[in-house]
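Worksheet: the structure to be examined is printed underneath.
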Amino acid sequence: MALIGKNILKAKVLLEAGELVAIPTETVYGLAGNALNVEAITKIFKVKNRPSFDPLIVHVPDFASALSLVDSIPAKAKLLADQFWPGPLTLLLNRRSVIPDLVTSGLPTVGIRCPDHPITIELLKCLTFPLAAPSANPFGYISPTQALHVNDQLGEKIKYILDGDTCKVGLESTIIGFDNEYPTIYRLGGLSVEKIESVIGKVTIQLHSASNPKAPGQLLSHYAPTKKLILGNLQELLQTYGTKEVGVLSFRGIKEDVTLMNQRILSPTGDLEKAAQQLFTFLRELDQLDIQLIVAEEVPDSGLGRAINDRLRRAAASITNG
Ligand code: TXA
Ligand code: MG
């Protein structure tokens with residue numbers, strides 16, 4: 001068991017000593033360490049059981065703090081930061097040598113974002129270094145959106161979880177990079193493509209690359225529950241697999257033949273932001289039920305719906321891939 005509390009000073013002292021602390025953000029909880037301290041970074045990879053080829057995102061309190069970590073900022077990246085920071089957007093920027101190789105897995109770019117959570121912004125403001133923080137889950141599993149989720153999975157391995165209540169966005173940040181100023185989204189996330197395009201125009205989306213993915217969040221098997229999850233038409237799936245020992249994750253409606261205990265509805269009113277906020281909590285809850293299988297349906301493929309569907313597809317794919 002880790003200690004769970006709202007003591008920013010305690011988090012600061014631990015981080016300054018090179019220890020790890022779980023921190024709340026608006027997207028998901030992060031497993032944070034001093035981004036400039038190689039020993040702290042090494043601990044992050046170890047605690048998460050994360051392969052060293054998967055780079056970490058660096059968190060800063062504001063745009064000005066990002067400037068000392070990177071070489072130059074493309075005009076479109078600046079526009080996006082002005083508009084959406086603090087918020088669920090990670091910018092891939094050319095790093096300066098102050099960022100250790102380990103943080104970026106040797107890549108020339110570093111992922112940087114300014115999280116929109118009052119506790120974590122306050123923490124970042126009283127530190128003299130930025131925080132590297134991947135999502136605070138074992139590699140490949142569902143990201144945590146509550147302090148208790150972190151404790152369930154990493155509580156034995158870390159000392160302190162800074163509690164910032166339930167994450168209000170609930171999906172990881174959107175990741176965007178700029179090759180010769182041309183923007184490419186590498187991970188769909190808590191900031192919709194539409195909002196990004198409203199500021200910088202058309203962007204390319206490149207989510208899958210079969211080998212050596214630029215962002216392992218792109219690997220097909222990711223964000224996965226341990227139970228088998230099948231995505232499709234719920235009515236048909238329930239006809240095929242039966243209604244017993246089955247968990248249902250639906251967008252809006254209840255399925256009458258399935259016990260209510262085994263059902264989770266993302267948003268009865270069809271609100272995609274609400275659905276995003278609940279997605280990972282519901283997947284976790286269903287994963288813990290005494291059932292054999294989770295059946296789920298896609299949500300409308302616009303706004304945050306695209307990122308929700310992306311996570312659902314990856315959760316489903318991981319099982320068929322073993
Ligand atoms: O919302 C978020 O982004 C959360 C919170 C804690 O900030 N963090 C998060 O970190 O989701 P993580 O490590 O679970 O996912 C970060 C993704 C990984 O897939 C990684 O490969 C990619 O970002 N990434 C980081 N730096 C990169 C870089 N320089 N180039 C390409 N991809 C990068
Ligand atoms: Mg992650």
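The values are calculated or read from the model by the stated rules, or taken from the named source; none is laboratory data. This structure is a prediction, so every number in the text was calculated from the model and none was measured. When we count neighbours, we look across all protein chains shown, and the Cβ atoms used for this are built from the backbone with ideal geometry, even at glycine. Please note that ligands, DNA and RNA were not included when accessible areas were found on the heavy atoms of the full protein model with its side chains. Shrake-Rupley method; radii C 1.70, N 1.55, O 1.52, S 1.80 Å.
Numbers below:
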quantity: Lone qualifier among L124, L171 - being more than 16 Å from ligand 2 (Cβ to nearest atom), at pLDDT 95 or above and either outside any strand (DSSP E or B) or open to solvent by 80 Å² or more (accessible area, probe 1.4 Å) (or both); calculated: L124
quantity: Index of the failed condition, R264 passing every other in (1) in a strand (DSSP E or B); (2) touching a residue at least 24 places away in the same chain (Cβ under 8 Å); calculated: (2)
quantity: Residue within region 202-209 that is buried (at least 21 other Cβ atoms within 10 Å of the Cβ) and in contact with a strand residue (DSSP E or B) (Cβ under 6 Å, 6 or more places away or on another chain) present; calculated: no
quantity: Any hit, region 166-175, residues being under 15 Å from T27 (Cα atoms) and over 14 Å from the mean Cα position of the chain (by Cα); calculated: no
quantity: Filtered residues of region 268-295 (kept if over 22 Å from the mean Cα position of the chain (by Cα) and polar (S, T, N, Q)); calculated: T269, Q292
quantity: Condition check for A133: within 16 Å of the chain's Cα centre (by Cα) and buried (at least 21 other Cβ atoms within 10 Å of the Cβ); calculated: yes
quantity: Matching residues, region 42-57, being more than 8 Å from ligand 1 (Cβ to nearest atom) and either more than 17 Å from K157 (Cβ to Cβ) or of a type outside the set (D, E, K, R) (or both); calculated: T42, I44, F45, V47, N49, P51, S52, F53
quantity: Test: residue in region 243-255 that is of a type in the set (F, W, Y), touching a residue at least 40 places away in the same chain (Cβ under 8 Å), within 25 Å of V169 (Cβ to Cβ) and not in a helix (DSSP H, G or I); calculated: yes
quantity: Test: residue in region 187-198 that is open to solvent by 40 Å² or more (accessible area, probe 1.4 Å) and either within 12 Å of ligand 1 (Cβ to nearest atom) or assigned to a loop (DSSP other than H, G, I, E, B) (or both); calculated: no
quantity: Out of F84, F139, F178, sole residue that is within 16 Å of ligand 2 (Cβ to nearest atom) and open to solvent by 20 Å² or more (accessible area, probe 1.4 Å); calculated: F139
quantity: Whichever residue in region 151-168 is of a type in the set (A, V, I, L, M) and in contact with a Pro (Cβ under 8 Å, 6 or more places away or on another chain) and, among such residues, is nearest to ligand 2 (Cβ to nearest atom); calculated: L154
quantity: Pair list, Cβ under 7 Å, 6 or more apart: region 28-41 residue within 11 Å of L15 (Cα to Cα) and away from ligand 1 (no atom under 11 Å from the Cβ), other residue open to solvent by 50 Å² or more (accessible area, probe 1.4 Å) and assigned to a helix (DSSP H, G or I); calculated: G33/K43
